[in-house]
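Colleague: Have a look at this one before I ask anything.
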Amino acid sequence: MNHFSCTFIGAILALGLASQAAIAHSSKEGTRPNDGAVLTTSPEKVGMTFDMLMRVTLVSLTDQDGKDHALTRQDNMQPVKVFDATPPILPIGSYTVEWRGLAEDGHPMQGTFSFQVTE
């Protein structure tokens, strides 16, 4: 193999590794409460944990009837790895949290998770 071939193959391998790193996006690592949790009391916090900084642009909490429940954010719309919001005291029911955000890598993200409050 000549010098040109080795250089060319090395350049192709380097580009492949760089492009793999470029497509690695932020991810949600967990939720509070856990997705699908059954709670005996209203949660004190509703939130998510991310593997890189995330600016959460929208977060909402709705019950099984579609009624919105206000959340008090604690991030001041700043990028965070740990996002928490305080809900009101929630009555017995099923709840869904919907969120959207923009990761520090510029990747838009969104998701939902749910939990129940029982007696």
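Colleague: Could you tell me what percent of the DSSP beta bridges with both partners in the stretch 16-119 are antiparallel, to the nearest 5? Please report the intermediate quantities before stating the final value.
Modeller: Working: 31 of 34 bridges.
The answer is about 90 percent antiparallel.
Colleague: How would you rank 106-112, 55-61, highest first, on the average number of other Cβ atoms within 10 Å across their residues? Walk me through the numbers before you get to the answer.
Modeller: Numbers: 106-112: 12.6, 55-61: 16.0.
Put in order of decreasing packing, that is 55-61, 106-112.
Colleague: Local charge sum around THR57 (other residues, Cβ-Cβ under 13 Å, Lys/Arg +1, Asp/Glu -1)?
Modeller: +1
Colleague: Summing Lys, Arg as +1 and Asp, Glu as -1, what charge do residues with Cβ under 9 Å from the Cβ of LYS45 carry, LYS45 excluded? Before the final figure, lay out the partial values.
Modeller: Numbers: positive: ARG32; negative: GLU44, ASP84.
Result for the neighbourhood of LYS45: -1.
Colleague: Hey, what does the equivalent ellipsoid look like for the stretch 33-119, semi-axes from the Cα gyration tensor as sqrt of 5 times each eigenvalue, largest first, whole Å? Numbers along the way, then the final one.
Modeller: Values: eigenvalues 113, 27, 26 Å².
Those come to 24, 12, 11 Å.
Colleague: What nm distance separates the two modelled labels at ASP65 and GLU44, each placed 7 Å from Cα along Cα→Cβ?
Modeller: It is 2.9 nm.
Colleague: Would you grab the residues whose amide H sits under 5 Å from the one on LYS81? Only those 5+ places off in sequence or on another chain, please, with H modelled 1.01 Å from N.
Modeller: For LYS81, the qualifying residues are MET54.
Colleague: What is the extension gain from MET77 to GLN116, computed as 0.36 nm multiplied by their sequence separation minus the C-alpha to C-alpha distance, in nm to one decimal?
Modeller: Values: separation 39, 0.36 × 39 = 14.04 nm, distance 2.71 nm.
Roughly 11.3 nm would be gained on extension.
Colleague: Pull out the extension gain between ASP51 and ASP35, defined as 0.36 nm times the separation in residues minus the alpha carbon to alpha carbon distance; nm, one decimal. Mind showing how you got there, number by number?
Modeller: Details: separation 16, 0.36 × 16 = 5.76 nm, distance 1.74 nm.
Working it through step by step, the gained length comes to 4.0 nm.
Colleague: Which peptide among 64-72, 33-41 comes first, and what is the full order, when sorted by highest mean count of other Cβ atoms within 10 Å? Before the final figure, lay out the partial values.
Modeller: Numbers: 64-72: 11.1, 33-41: 12.7.
Ranked by mean Cβ neighbours within 10 Å, highest first: 33-41, 64-72.
Where a number appears in this text, it was derived from the coordinates with a stated rule and is not lab data. Keep in mind it's a predicted model, so treat the numbers as computed, not measured. Cβ coordinates were reconstructed from backbone atoms using ideal geometry, including for glycine residues, and neighbour counts include every protein chain displayed.
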